[in-house]
Every structure is written in structure tokens, then in C-alpha cells.
1. Using a simple spin-label model with points 7 Å from Cα along the Cα→Cβ vector, what separation in nm is obtained for residue 34 and residue 12?
2. Hand me the GluC sites (Glu not before Pro) from region 19-125 located in a DSSP loop with no more than 13 other Cβ atoms within 10 Å, in residue order please.
3. Pull up all non-local amide H partners of residue 62: gap of 5 or more, or a different chain, and H-to-H distance under 5 Å with H placed in the peptide plane.
4. Based on DSSP H runs of at least 4 residues, each adding -39500 (n - 2.57), what is the mean residue ellipticity at 222 nm of the chain after dividing by all its residues, to the nearest 500 deg cm²/dmol?
5. Which residues does a label at residue 89 reach in region 17-35, if reach means a backbone N under 14 Å from a point 7 Å past the Cα toward the Cβ?
Amino acid sequence: MHYTFTAVITPEKGKYYIRVPDIPGCVTTGKDIEDAVAQITDALSGCLVVWEDQGLSIPEATAQKDISHNTADVLTLISVDTIAYRAQTDTRAVRKNVSIPAWMANMAERKGINCSKVLQDALAQRLS
């Protein structure tokens, strides 16, 4: 799933604190703004994956004009794709039994087709 939320960056004492107000607990720091954005993108992806897995309702993004912040803060949009994040971070293999017609299995074997790879590719396409 694709999500876009506003993050609030607060510069303070050589660090940049960054949070996503719509997602409680989604906070981190960075050594500069670029690092802070990279860190919060990873943190937001992780938070949303957990929320999806737990069946929690993911809120609509609050409009930037409605987000409380200080005058020194910087507001920026953070976009994440939880399916892409899962593909990058969860590389465990899970064994699944599937049934296909015998003739199809024989033909695939003769042609050197890896059924697991075909299924993975088809699922990845369907899920994106």
C-alpha cells in the first residue's frame, strides 16, 4: 500500500528531530535534514507494516495547514510503499503447497520452469 504523511522536522543542537504526528510513536533523529528524512521514511514504513499486520486502522493524513508546529520546524511529505518495504526487509522463504494439473507440472519440468519463481512473480505483480 502507498501512503503519504507529513513529517515535522525540528532542528536542535546539531541534530534534527523528526516525527509523523498522525502516527503516534513514529519519531527519530538525523544528523542533517537528508538523514532525518531517510530515517523517518524507514520508521514510518516499519510502523505502517506493523499496523497493517495487526489490522489497525491507518488514519487519513492531516492537511499540513492543520499540523501544530513551531516556527523553526520544517514540514515535509514522506511517501512510503509498504509492499516494497516488505520485499526489501522480509526475505524469509515460506513453504506453500499448491496444486496444479499433472500435465502442467510435467510440461513445466521439461521446459525447466521454476514453479515457485513463476508463482512469486505472479503474486508480486498482483500485489503491486
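1. Each label point lies 7 Å from its Cα, and together they span 2.5 nm.
2. Sites meeting the loop and neighbour criteria: 60.
3. Amide H neighbours of residue 62: 6.
4. When only DSSP H runs of four or more count, the value is -12500 deg cm²/dmol.
5. 26-28, by backbone N distance to the label point.
Taken together, the values in this text are just the output of simple stated rules run on the coordinates, not laboratory data. Being a predicted model, the structure only gives us computed values, none of them experimental. Cβ sites come from the backbone with ideal geometry, for glycine too, and all protein chains shown count toward neighbours.
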